[in-house]
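Structure, as structure tokens:
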Amino acid sequence: MHTFPEGFVWGAATSSYQIEGAWDEDGKGESIWDRFCHTSGKVDNSDTGDVACDHYHRWPEDVALMKEIGLQAYRFSISWPRILPQGRGAINLAGLDFYDRLMDALLEAGITPFATLYHWDLPQTLQDHGGWPARPTAEAFVEYADVVSRRLGDRVKHWITLNEPFVSAFLGYLEGSHAPGHTDLDEMLAAAHHLLLAHGWAVPVIRRNSPQARVGIVLNLGPCIPASPSVADRAAAWREDGILNRWYLNPLAARGYPADIVQHYGRPMDFVQANDLETIAVPLDFVGLNYYTRRIVRSNEVPEAKNLPRTVFPNREHTAMGWEVYPEGLYELLGRLHFEYRFPAIYITENGAAYADQVGSDGRVDDPQRVAYFKAHLKQAARAIRAGVPLRGYFAWSLLDNFEWAYGYSKRFGLIYVDFSTQQRILKSSAHWYRRVIAANAVVD
Ligand code: IFM
């Protein structure tokens, strides 16, 4: 039995583009994900978030389902183009009204809202003016943060500026697998910097508008493990750690960009202006960790490793994303965030697994692998708390099966199964199991 401290927060998470649908309703502007999905060849099966889980219309039912699971908190994101269709300037009141109603319903149901301001759906107009590689996008974000926190700040007391800036910058501007689909190293570096700058500028604005609010940022982190003990593989793993983890952790923790990775990229970094690094290092109330798996890293040049084993790891289970199930990585990262980076509080803002769930002949969806995944990770979370990590809560990814970005609807992460042709929702066995965990504030072996 792994018992959690009193007051530990149990929740589930979603994001606007992945569940809302209503992509052009009630005055909403186009986002980069609308544009990306409407461009052929970008997303598997040509899926789009046009309808997604139709949460924009079905939110009362979804809040009722959250209540049925016993969720104490709900992490969701706000769609920037629903609020400011052109990115800045004219406000779409209907968009604000939507979140306003949702907040009231959550609070009425006894569920604490955790609002994320940016989970990748940038207004297309801002992309047309340069997107995240352009500094004015960071200024526009502050305007947006101001508008939203002024309207919701009396009820939302937990704010997250950005979700996974690594993914926005790296997949969106270097790898090209996410919107806006660019492949340019300089754009990626400038985008990453302006995302962090936008975060740093927005934090005091949110605090001003939302007294007693706790403000943080969410990072996707992963342990980067060398595939062999060779010097080359170890160096490659440390470099990967710099690209994925330290590039974001270090500036947020007032350590600036990691020098080894600045050298590795070998680019001018002339977008960094005076005081930017101080802005980015604004003290946070918490950091959110999104954890799924680790990375095993091999160097391309390993002559000295000829006689060393090339893989030191046994075969392990993988999820439908092809991601290795490695619960110990959660313990390692939680320890690192606390003992190495000294963040004052930590939430696990996402953790979960995709599996090929199916509705059985009895109408039930049985997902024992997901239960095992959650269980193993929660045990590591409890272990980290025992070791002294100030872990305050856990959000399962995801509340609902939803639009999994470039994979479309082919990957199911939900506690709740969604039939995308009828929009019928079915609580999976993992949701029933999670309800028992929440009620007991403990995971039973
Ligand atoms: O679905 C995503 C989410 O939007 C961000 N974190 C990872 C999840 C699974 O890929």
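Every read-out reported here was derived from the displayed coordinates using simple, explicitly stated rules and does not represent laboratory data. These numbers come from a predicted model, not from an experiment. Cβ sites come from the backbone with ideal geometry, for glycine too, and all protein chains shown count toward neighbours.
Rounded to the nearest 0.05, the FRET efficiency derived from the C-beta distance between Val51 and Ala94 at R0 = 22 Å is 0.75.
When the Gaussian network model of the chain links Cα atoms closer than 10 Å, the mean-square fluctuations of Phe313, Phe141, Phe343 top out at Phe313.
Secondary structure note: in the chain, about 15% of the DSSP beta bridges are antiparallel.
FRET efficiency for the Trp238 to Thr422 pair, using the beta carbon distance and R₀ = 51 Å, is estimated at 0.55. Between Met1 and Ala259, the modelled labels are 5.2 nm apart [label points 7 Å from Cα along Cα→Cβ]. Scanning the chain for long hydrophobic helices, with DSSP H runs required to stretch 30 angstrom or more by C-alpha along their axis and to average at least 0.0 on the Kyte-Doolittle scale, returns 185-209.
In a reduced charge model with +1 at each Lys and Arg Cβ and -1 at each Asp and Glu Cβ, the chain shows a dipole moment near 1420 debye about its Cα centre. What the pair-distance distribution of the range 321-445 shows, using all Cα-Cα distances binned every 10 Å from zero, is 12, 41, 31, 14, 2, 0 percent. Quick one: which of Lys379/Lys428; Lys375/Lys428; Lys157/Lys379; Lys157/Lys428; Lys375/Lys411; Lys42/Lys411 span more than 23 angstrom between C-alpha atoms? Flagged as over cut-off: Lys157/Lys379; Lys157/Lys428. Between Ser429 and Glu175, the modelled label-to-label distance comes to 3.2 nm, taking each label 7 Å out from Cα in the direction of the beta carbon. Distance from the alpha carbon centroid of the range 227-260 to that of the range 37-87 works out to 34 angstrom. FRET efficiency for the pair Ala372 and Asp146, taken as 1/(1 + (r/R0)^6) with r the Cβ-Cβ distance and R0 = 41 Å, rounds to 0.40. Legend: ranking of residues Trp201, Trp120 from fewest to most surrounding C-beta atoms inside 10 Å; resulting order Trp201, Trp120. Each residue in Thr125, Thr137 was given a count of other beta-carbon atoms within 10 angstrom of its own, and listing them fewest first yields Thr125, Thr137.
Only helices enter this figure: runs of n ≥ 4 DSSP H residues, each worth -39500 (n - 2.57), summed and divided by the residues of the chain, yield -11000 deg cm²/dmol at 222 nm to the nearest 500. The ranking of Lys428, Lys67 by Cβ neighbour count inside 10 Å, starting from the fewest, reads Lys67, Lys428. When the Cα positions of His377, Trp397, Val365 are compared along the charge dipole of the range 279-398, His377 comes out farthest toward the positive end, with charges on each C-beta of Lys, Arg, Asp and Glu. Taking every DSSP beta bridge that has both residues in the range 1-125, what percent is antiparallel when rounded to the nearest 5? If we restrict to bridges inside the range 1-125, about 10 percent are antiparallel. Taking 0.36 nm per residue of sequence separation and removing the Cα-Cα distance, the Asp24/His38 pair yields an extension gain of 3.8 nm. Could you pull out which residues in the range 1-22 have an amide N less than 14 Å from a spot 7 Å beyond the Cα of Ala440, following the Cα-Cβ vector? It comes to 1-4, nothing else.
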